[in-house]
């Protein structure tokens, strides 16, 4: 695949699209493309994640570590392990290829180095994270309101 095609793949991921073309070019140059056969495990729940994967072709079944959670199917354009781009995390699910698939691997080290070299991309990433934190805070307050015991009239 050409660098331009890799940039196009990166642009399909909403959180990455905001970084800008220069930053995406650096990611495309540093990304690793992997082929995964049907039934092959891409990563296992609980293992330490040192980066993320973008599904380019094919699909993966994501089986959460918690038995009570439902499986999810991830197809082209899906970013797997987004938080691992910024911090050391553990994989919350096992990803198994459903068919012949191709993924683009982005290492955390390379992603962080790109943010250092592109401060405007780092600022955009910060804005995305701040907006998500605000949304999570509102959602927690909604849950808290539902779970709070109702005050009894006196």
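Residues in the stretch 9-20 that are more than 20 Å from residue 101 (Cα to Cα) and either modelled with pLDDT of 95 or more or in contact with a helix residue (DSSP H, G or I) (Cβ under 7 Å, 6 or more places away or on another chain) (or both): 15, 16, 17, 18, 19, 20. It is to be established whether one or more residues within the stretch 24-36 are within 16 Å of the chain's Cα centre (by Cα), assigned to a loop (DSSP other than H, G, I, E, B) and under 16 Å from residue 107 (Cα atoms). Yes, the stretch 24-36 has at least one match. Listed by first and then second residue, the pairs with beta-carbon distance under 7 Å, at least 6 apart or on different chains, first residue in the stretch 39-50 and on the phi > 0 side of the Ramachandran plot, second surrounded by 11 or more Cβ atoms within 10 Å (Cβ to Cβ) and assigned to a strand (DSSP E or B), are 39/96; 39/97; 46/90. Scanning the stretch 1-23 for residues that are under 16 Å from the mean Cα position of the chain (by Cα), part of a loop (DSSP other than H, G, I, E, B) and closer than 15 Å to residue 104 by Cα yields a count of 2. Checking each residue in the stretch 102-126 for being more than 30 Å from residue 36 (Cα to Cα), in contact (Cβ under 8 Å) with a residue 40 or more places away in the chain and either in contact with a strand residue (DSSP E or B) (Cβ under 9 Å, 6 or more places away or on another chain) or assigned to a helix (DSSP H, G or I) (or both) picks out 117, 120, 121, 124.
Output yes when any residue across the stretch 120-129 is buried (at least 19 other Cβ atoms within 10 Å of the Cβ), at pLDDT 95 or above and within 19 Å of residue 31 (Cβ to Cβ), and no when none is. The answer is no, given that none of the residues of the stretch 120-129 is buried (at least 19 other Cβ atoms within 10 Å of the Cβ), at pLDDT 95 or above and within 19 Å of residue 31 (Cβ to Cβ). Scoring residue 54 on the criteria (1) in a helix (DSSP H, G or I); (2) under 18 Å from residue 17 (Cβ atoms) leaves a single failure, condition (1). Within the stretch 22-38, the set of residues being more than 18 Å from residue 91 (Cβ to Cβ) and in contact (Cβ under 8 Å) with a residue 24 or more places away in the chain comprises 22, 23, 26, 27, 28, 29, 30, 31, 33, 35, 37, 38.
Only one residue in 70, 99 is outside any helix (DSSP H, G or I) and without any contact (Cβ under 8 Å) to a residue 60 or more places away in the chain, so which one is that? 70 is the lone residue from the list that is outside any helix (DSSP H, G or I) and without any contact (Cβ under 8 Å) to a residue 60 or more places away in the chain.
The values are calculated or read from the model by the stated rules, or taken from the named source; none is laboratory data. Keep in mind the model is a prediction, meaning the values are calculated, not measured. Every residue, glycine as well, gets a Cβ built from its backbone with ideal geometry; the counts of neighbours run over all protein chains shown.
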